[in-house]
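Right, one structure below, let's go through it.
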Amino acid sequence: MSEEKSVTPPLEVFHEVVEQSSVAISITDQNARILYANPAFNRVTGYEQEEVVGQNESILSDKSTPPLVYKNMWQTLLEKKAWSGVLVNRRKDTSRYLAELTIAPVLDSSGGVSHYLGMHRDVTEVHRLEQEVLNQKEMIESLVDAAPVVIALLNLEGEVVRSNQAYQNLSEDMEGAAPAVE
Ligand code: FAD
């Protein structure tokens with residue numbers, strides 16, 4: 001029987017994985033000063049690696065994110081826990097984008113935070129589509145509600161799960177009876 005050995009990939013493999021990742025990755029010191037940024041970071045933010053190294057990550061802040069968000073972020077990080085959230089970021093060309101960001105503390109051998117690992121992606125388009133679906137849902141609901149005909153949606157048990165204003169008015173006229181239920 002062959003003995004199974006765990007093989008650790010060489011360091012260059014880790015480096016290539018980070019370099020080729022489609023997620024924007026940055027590594028900072030304890031003060032959020034950028035030490036490294038991968039090519040995806042450059043694509044998302046518009047900043048070249050040499051422009052951001054030595055800068056604080058706040059270079060990406062649009063300054064419209066409420067300070068409480070940052071306070072909670074740092075509180076979580078100082079507890080040596082990972083933080084995730086959505087921030088309003090600003091690219092080099094000053095255009096805004098929504099960044100879905102995760103920051104993970106990197107611990108040294110004595111358990112102290114030595115670095116932070118930041119991973120983010122631009123979710124502006126996903127957010128816009130979600131908002132569009134939500135707006136359409138609200139528009140359909142208000143049209144159904146304002147319709148001059150009685151509309152009710154029943155589940156398989158014959159219970160009314162959605163109804164419009166006309167249905168509710170009819171139900172009131174019938175002294176609380178459910179018009180759609182036999
Ligand atoms: P700050 O001067 O940073 O102050 C905001 C609050 O954070 C204050 O309560 C302050 O006391 C506290 N704080 C700041 N630095 C520290 C620290 N080193 N230790 C403890 N508490 C601290 N911000 C973005 O807007 N967009 C990003 O994409 C982004 N990515 C980040 C990635 C990483 C890996 C890290 C570590 C941080 C990232 N940040 C990001 C946070 C950023 O460093 C700033 O804290 C943030 O942008 C607010 O900047 P500010 O100058 O307005 O306020």
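The values are calculated or read from the model by the stated rules, or taken from the named source; none is laboratory data. All figures in this text were calculated on a predicted structure; none of them were measured in a lab. Cβ: placed from backbone, ideal geometry, glycine included. Neighbour counts: every protein chain shown. Areas reflect the complete protein model, heavy atoms only, side chains present, ligands, DNA and RNA absent. Shrake-Rupley method; radii C 1.70, N 1.55, O 1.52, S 1.80 Å.
Per-structure values
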read-out	value
Selection count where residues are open to solvent by 50 Å² or more (accessible area, probe 1.4 Å), farther than 24 Å from Val44 by Cβ and within 16 Å of the ligand (Cβ to nearest atom), scope the range 109-149	0
Residue in the range 66-76 that is buried (at least 16 other Cβ atoms within 10 Å of the Cβ) and more than 10 Å from the ligand (Cβ to nearest atom) present	yes
Test result for Glu19, more than 15 Å from the ligand (Cβ to nearest atom) and either within 21 Å of Pro105 (Cα to Cα) or of a type in the set (Asp, Glu) (or both)	yes
Every pair of residues 6+ apart whose Cβ atoms lie under 6 Å, when the first sits in the range 89-100 and is within 19 Å of Glu51 (Cα to Cα) and of a type in the set (Lys, Arg) while the second is open to solvent by 90 Å² or more (accessible area, probe 1.4 Å) and assigned to a strand (DSSP E or B)	Arg90/Arg96
Residue check for Arg90: within 13 Å of the ligand (Cβ to nearest atom) and over 21 Å from Arg33 (Cα atoms)	no
Flag for Ser26 being near the ligand (Cβ under 9 Å from one of its atoms), assigned to a helix (DSSP H, G or I) and out of contact with any Ser or Thr (no Cβ under 8 Å at 6 or more places or on another chain)	no
Some residue of the range 13-31 being within 24 Å of the chain's Cα centre (by Cα), open to solvent by 70 Å² or more (accessible area, probe 1.4 Å) and among the charged types (D, E, K, R)	no
Output for the range 34-65, where each listed residue is among the hydrophobic types (A, V, I, L, M, F, W, C) and loosely packed, with under 14 Cβ neighbours inside 10 Å	Leu35
